[in-house]
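Undergrad: One structure is given below, represented as structure tokens, and several questions about it will come after.
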Amino acid sequence: MTDPSFQLLVQQLHRMTGPQLLVADENLGGAPLHSLPADTLTLITNRYDIYDQARSSGLSCHFNDFDFSSFDDNSFSQVLYRVSKEKPVTHHVINNSRRLLTDNGTLVLSGAKTDGIKTYTGKAARYFGTRATSEKHGSVYRAVIQHQSSTEQPLDDQDYQQLRPCIPLTSPSNDYLLYSKPGVFGWNKVDQGSAFLAEHLSDFFERFRNTPRHILDLGCGYGYLSVAARHFVEATITATDNNAAAIAACSKNFSLADIDGEVIAGDCAENITKKFDAVICNPPFHQGFTTDNQLTQRFVTSCHQHLKAGGMALFVVNRFVPLESCAEPLFQVSKFGENKGFKLVLLEKH
């Protein structure tokens, strides 16, 4: 289902002439981008799947971690943005919008009350030195803020664009900090599922008749599992993720850990043709106690496509996620471990 906040942006988009910029993150995944006007619109996104869809729709599109530096001052008559889940990201976009807009240009924000849309609208209006026009449409809001001359200080975005060392990692050889940043899932902590999988990596690799030489980290985040795997096997590791911030952080950590491999932006490894001896994966299958079954099937299918015959994969998922039923038509499936919150599922390809 299309996010209703996106529909509000589309309505506003058609009311304005001149160059416009649409800022898109995961909230606009699956939105009908083909319906947008390619002649006046530029899209910037931190999601590779949205970038790929936008290119297929003929839109001018930039894939990066919301790096607006390639755009000149006063480039756009309108910036449209469905506010993000994380405060630093939203503050970063609002801060850059003031520079990017022409005089009397407009910033259009949309989102639900639970997204903090009212708070962000108030902050943006103060930063722009003006008042906002806000409308409620069902359960979502659209706010229009006109660009005026202002000397207000930027909103606190926690130095959004900068990678920072913040994840402690203890290894057999040394202790150091991995780099991460806002915009990466669980950016300033070790995910409990990843930690559980990492504890069993040694046992996983010992199951192989021959030590795996090529490993795929599917949905790598900032690269915790890749770095952990590096301590158990001398292998070439390919890490991939849909998120631009994750790609930046993982690339930094590959360099820090002296990992032989590469970090590739992609949607569920669709643009990787290589096959691997092993796959490790902590996938984004669930939100709360609901599961995205379609995404589960995509990860399982991608894993099958990228494993060599005789290869094995180790997934960690919440205990309620029905990964086994999705994988059984393609793999020999067994449970590799379990704790109060998570289970490890071993997939063997024959």
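The values are calculated or read from the model by the stated rules, or taken from the named source; none is laboratory data. What you see is a predicted model; the values in this text were computed from it and never measured. All Cβ positions, glycine included, derive from the backbone under ideal geometry; neighbour counts span all protein chains shown.
Undergrad: Within region 189-233, track down each residue that is within 22 Å of the chain's Cα centre (by Cα) and among the charged types (D, E, K, R).
TA: 189, 191, 217
Undergrad: So, residue 320, is that one aromatic (Phe, Trp, Tyr) and not in a strand (DSSP E or B) or not?
TA: Yes: the conditions hold for residue 320.
Undergrad: Test residue 39 against the stated conditions and say whether it is among the acidic types (Asp, Glu) and assigned to a loop (DSSP other than H, G, I, E, B).
TA: The answer is yes for residue 39.
Undergrad: From the residues in region 1-57 that are of a type outside the set (S, T, N, Q) and touching an Asp or Glu at 6+ places or on another chain (Cβ under 7 Å), which one is farthest from residue 249 (Cα to Cα)?
TA: This residue is 31.
Undergrad: Mind telling me which of the residues 251, 255 ends up being under 22 Å from the mean Cα position of the chain (by Cα), assigned to a helix (DSSP H, G or I) and closer than 23 Å to residue 26 by Cα?
TA: Step by step, each of 251, 255 is checked, and only 251 is under 22 Å from the mean Cα position of the chain (by Cα), assigned to a helix (DSSP H, G or I) and closer than 23 Å to residue 26 by Cα.
Undergrad: Still on this structure: Residue 77 - would you say it is of a type in the set (S, T, N, Q), touching a strand residue (DSSP E or B) at 6+ places or on another chain (Cβ under 7 Å) and not assigned by TED's automatic domain parsing to the domain that holds residue 245?
TA: yes
Undergrad: Ok, one more. Given the structure, is residue 18 closer than 22 Å to residue 65 by Cα and touching a strand residue (DSSP E or B) at 6+ places or on another chain (Cβ under 9 Å)?
TA: When the stated conditions are applied, residue 18 does not pass them.
Undergrad: I want to confirm something. Restricting to region 75-128 and keeping residues that are of a type in the set (Phe, Trp, Tyr) and in a helix (DSSP H, G or I), which single residue is surrounded by the fewest Cβ atoms within 10 Å (Cβ to Cβ)?
TA: 127
Undergrad: Checking the conditions here, which among 302, 334, 325 is of a type in the set (Ser, Thr, Tyr), under 21 Å from residue 193 (Cα atoms), assigned to a helix (DSSP H, G or I) and over 23 Å from the mean Cα position of the chain (by Cα)?
TA: The conditions single out 325.
Undergrad: If you go through region 98-105 one residue at a time, do you hit one that is in contact (Cβ under 8 Å) with a residue 60 or more places away in the chain and acidic (Asp, Glu)?
TA: No, that holds for no residue.
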